[in-house]
Amino acid sequence: MKYMLIMRATDEAYAGMMDTDPAEMIETVGRFNQELIRAGVLLAAEGLDDPSESVVVDHSSEPPAVTDGPYGETKELFGGFYILNVASKEEAVEWAKRAPARPGFKTEIRRVPTIDEFPQDNEWIEKERAWREATGQL
């Protein structure tokens, strides 16, 4: 089963992280990533750029409104993710507990459904399956 570990933190926690030596941060995250690779569970992992570089497309109006970041009144920001292929939610939780984090950081864990869980007689599912097969994802 695939699970996404969504790395979130408060503005304050991200600000505190900026005081960390970049080489130390890369070393810590690199060691964790290497554990995931050695265990054969890592499928993908990415960090995200500073939220001040972001934009938000709000679909509450027509046409959708586009606002430059950073977000207003956020309690937590999505900073990156891991996608793991593990046997269970419990195993995903165990990996999340080992992730390099500090106070103010949280990891949300969500299962990623497979294409097989959707109606297979649907035209759009058939097209997606063909694309996944052509790109080596199935």
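The values are calculated or read from the model by the stated rules, or taken from the named source; none is laboratory data. Just so it is clear, the model here is predicted, and its values are computed rather than measured. Note: ideal-geometry Cβ built from the backbone for every residue, glycine included; neighbour counts use all protein chains shown. To get the accessible areas, we keep the full protein, side chains included, count just its heavy atoms, and leave off ligands, DNA and RNA. Shrake-Rupley method; radii C 1.70, N 1.55, O 1.52, S 1.80 Å.
Could you check how many residues of segment 1-26 are farther than 22 Å from E94 by Cβ and open to solvent by 70 Å² or more (accessible area, probe 1.4 Å)?
7
Show the residue pairs that are 6+ apart or on different chains and have beta-carbon atoms under 7 Å apart, the first residue being within segment 29-45 and touching a residue at least 40 places away in the same chain (Cβ under 8 Å) and farther than 19 Å from K2 by Cβ, the second being open to solvent by 40 Å² or more (accessible area, probe 1.4 Å) and not hydroxyl-bearing (S, T, Y).
Between residues of segment 29-45 that are touching a residue at least 40 places away in the same chain (Cβ under 8 Å) and farther than 19 Å from K2 by Cβ and residues that are open to solvent by 40 Å² or more (accessible area, probe 1.4 Å) and not hydroxyl-bearing (S, T, Y), the close pairs are V29/P100.
Could you list, in sequence order, the residues of segment 80-116 that are of a type in the set (D, E) and exposed (fewer than 10 other Cβ atoms within 10 Å of the Cβ)?
Across segment 80-116, the qualifying residues are E90, D116.
Considering only segment 29-60, how many residues are over 29 Å from Q137 (Cα atoms) and modelled with pLDDT of 90 or more?
Counting residues in segment 29-60 that are over 29 Å from Q137 (Cα atoms) and modelled with pLDDT of 90 or more gives 2.
Got at least one residue in segment 56-78 being under 26 Å from I37 (Cα atoms), of a type in the set (S, T, N, Q) and loosely packed, with under 13 Cβ neighbours inside 10 Å?
No, segment 56-78 contains no residue that is under 26 Å from I37 (Cα atoms), of a type in the set (S, T, N, Q) and loosely packed, with under 13 Cβ neighbours inside 10 Å.
Could you tell me whether segment 31-43 includes any residue that is open to solvent by less than 50 Å² (accessible area, probe 1.4 Å) and either in a loop (DSSP other than H, G, I, E, B) or under 15 Å from A9 (Cα atoms) (or both)?
For segment 31-43, residues open to solvent by less than 50 Å² (accessible area, probe 1.4 Å) and either in a loop (DSSP other than H, G, I, E, B) or under 15 Å from A9 (Cα atoms) (or both): present.
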